[in-house]
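The values are calculated or read from the model by the stated rules, or taken from the named source; none is laboratory data. On a predicted model such as this, the values are computed, not experimentally measured, just so you know. Note that each Cβ is placed from the backbone with ideal geometry, even for glycine, and that neighbours are counted across all protein chains shown. Side chains included, ligands, DNA and RNA excluded: accessible areas come from the protein's heavy atoms. Shrake-Rupley method; radii C 1.70, N 1.55, O 1.52, S 1.80 Å.
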Amino acid sequence: MYKANDTRYQGATPRPVGASGLVLPPIALGLWQHFGSADPYADRRQVILDAFDRGVFHFDVANHYGDGDFGSSESLLGRVLATDLRPYRDELVIATKIGYEIHPGPFGTGTSRKAVLQGIDDSLTRLNLDYVDLFYAHRFDETVPVAETVRALDDVVRAGKALYIGVSNFDTPQASEAIALFAKLGTPFVVDQMSYNMFNRDVEATGLLDCLRRHGAGLVAYGPLSEGLLSDRYLNGIPDTFKIHPTNETTFAKGKDLVVARLNQLNEMAVGRGQTLAQMALAWLLRDPVVASVLIGTTSTAHLQDNLKALDNLSFTQDELAEIDKLTTI
Ligand SMILES: NC(=O)c1ccc[n+]([C@@H]2O[C@H](COP(=O)([O-])OP(=O)(O)OC[C@H]3O[C@@H](n4cnc5c(N)ncnc54)[C@H](OP(=O)(O)O)[C@@H]3O)[C@@H](O)[C@H]2O)c1
């Protein structure tokens, strides 16, 4: 029987999500890719439990996740929750999302009232939970009035099926509109989950970080390593098969050779700081308190443990920050 490591909270100081009472571990585990029905359960269980043993008490899924077998990432996490992590439920922050395809038909996607209210029940069933800690609208749905989505999310909280609400992939005007509506209803809205990494600064450039700060909300950063690009994996070249997330496509605008050159320069800098490139990339995201947590995706306990060492050095000099700005403007 699994028993959690007694020292699990010694390594990582939890961070507040905006001005709310919710806190998250600085580095959390996302189960988007390779945590589905086609993947080896025992290995994935090991990664989840290893993360929890090291203070990672936040796990992020979506009803759509599962590498094409929608819902199967939730089911995988649900199995670990029902067996190993049941005694630790009160310590965990479990997040899921609704908005991308989960089943055929008009209510199998998007954030209409019907999709949201039936979606949360289906997610809870797969997760083996009575409630999730954080429930997100996974995307802005242009076909539904924002007020309808906001009201449905608020009703999910009032029904006791979620404690906090977030949005994801909402740009600054979309987030501002939703936040104003949440405020009117008194919804515990706390976070926008967005793509953010050294190469992709959209959340800075568009004023989203400032907007969230102003409203007492936080940001959860996804894709912090740009699908593993910001690690020592591609220092000798990026293969043609490398799949970049749509939010990071502009990284390759001037060709892959320039990116490889920049990765090597960044890597040298990281080594000078006593870090790997991945560790520096994660630490860099945590330099701003508005970033409540950084979601890593990994199927490897070695990568997980390596990434968590980023927390050993979170400070940057102004010169280092300026150099990173220079090297990532490509
Ligand atoms: N809201 C949204 O729309 C949205 C979109 C995308 C992602 N997300 C969330 O964010 C999470 C993370 O996203 P992501 O998977 O794109 O993040 P990521 O952490 O930037 O990239 C994951 C990739 O990096 C590799 N990796 C991790 N640590 C490494 C290391 N130390 N050295 C070398 N390679 C390393 C992983 O390979 P290994 O498995 O081999 O470690 C994997 O291929 C997702 O699971 C999901 O929860 C949300």
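For the range 136-151, residues that are open to solvent by 60 Å² or more (accessible area, probe 1.4 Å) and acidic (Asp, Glu) total 2. Here the helices (runs of 4 or more DSSP H) wholly within the range 246-321 that include at least 2 residues being more than 9 Å from the ligand (Cβ to nearest atom), of a type outside the set (Val, Ile, Thr) and crowded, with 21+ Cβ neighbours inside 10 Å are 256-272, 277-285.
Could you tell me whether any residue of the range 75-83 is at pLDDT 95 or above, open to solvent by 10 Å² or more (accessible area, probe 1.4 Å) and either among the β-branched types (Val, Ile, Thr) or in contact with a Cys (Cβ under 7 Å, 6 or more places away or on another chain) (or both)? Yes, there is a match, as at least one residue in the range 75-83 is at pLDDT 95 or above, open to solvent by 10 Å² or more (accessible area, probe 1.4 Å) and either among the β-branched types (Val, Ile, Thr) or in contact with a Cys (Cβ under 7 Å, 6 or more places away or on another chain) (or both). Residues that are more than 20 Å from residue 224 (Cβ to Cβ), touching an Asp or Glu at 6+ places or on another chain (Cβ under 7 Å) and open to solvent by 20 Å² or more (accessible area, probe 1.4 Å) do not occur anywhere in the range 13-36. The residue that is farthest from residue 61 (Cα to Cα), among those in the range 40-51 that are among the charged types (D, E, K, R) and open to solvent by less than 30 Å² (accessible area, probe 1.4 Å), is 50. Sub-8 Å Cβ pairs linking a first residue in the range 1-22 that is at positive phi to a second residue that is open to solvent by 100 Å² or more (accessible area, probe 1.4 Å), at least 6 apart or interchain, are 18/213, ordered by first then second residue. Filter the range 92-129 for residues that are part of a helix (DSSP H, G or I), open to solvent by less than 20 Å² (accessible area, probe 1.4 Å) and among the hydrophobic types (A, V, I, L, M, F, W, C) and give the result. Within the range 92-129, 115, 116, 120, 124, 127 qualify. The criterion of at least 1 residues that are buried (at least 18 other Cβ atoms within 10 Å of the Cβ) and either without any contact (Cβ under 8 Å) to a residue 40 or more places away in the chain or away from the ligand (no atom under 16 Å from the Cβ) (or both) is met, among strands (runs of 3 or more DSSP E) falling completely within the range 152-244, by 162-168, 189-195.
Comparison of 66, 30, 78 shows that the only residue that is over 24 Å from residue 285 (Cβ atoms) and within 15 Å of the ligand (Cβ to nearest atom) is 66. Does the range 55-72 include one or more residues that are in a helix (DSSP H, G or I) and either surrounded by fewer than 24 Cβ atoms within 10 Å (Cβ to Cβ) or at positive phi (or both)? Yes: one or more hits. Restricting 28, 19 to those that are closer than 25 Å to residue 162 by Cα and out of contact with any Gly (no Cβ under 9 Å at 6 or more places or on another chain) reduces the list to 28.
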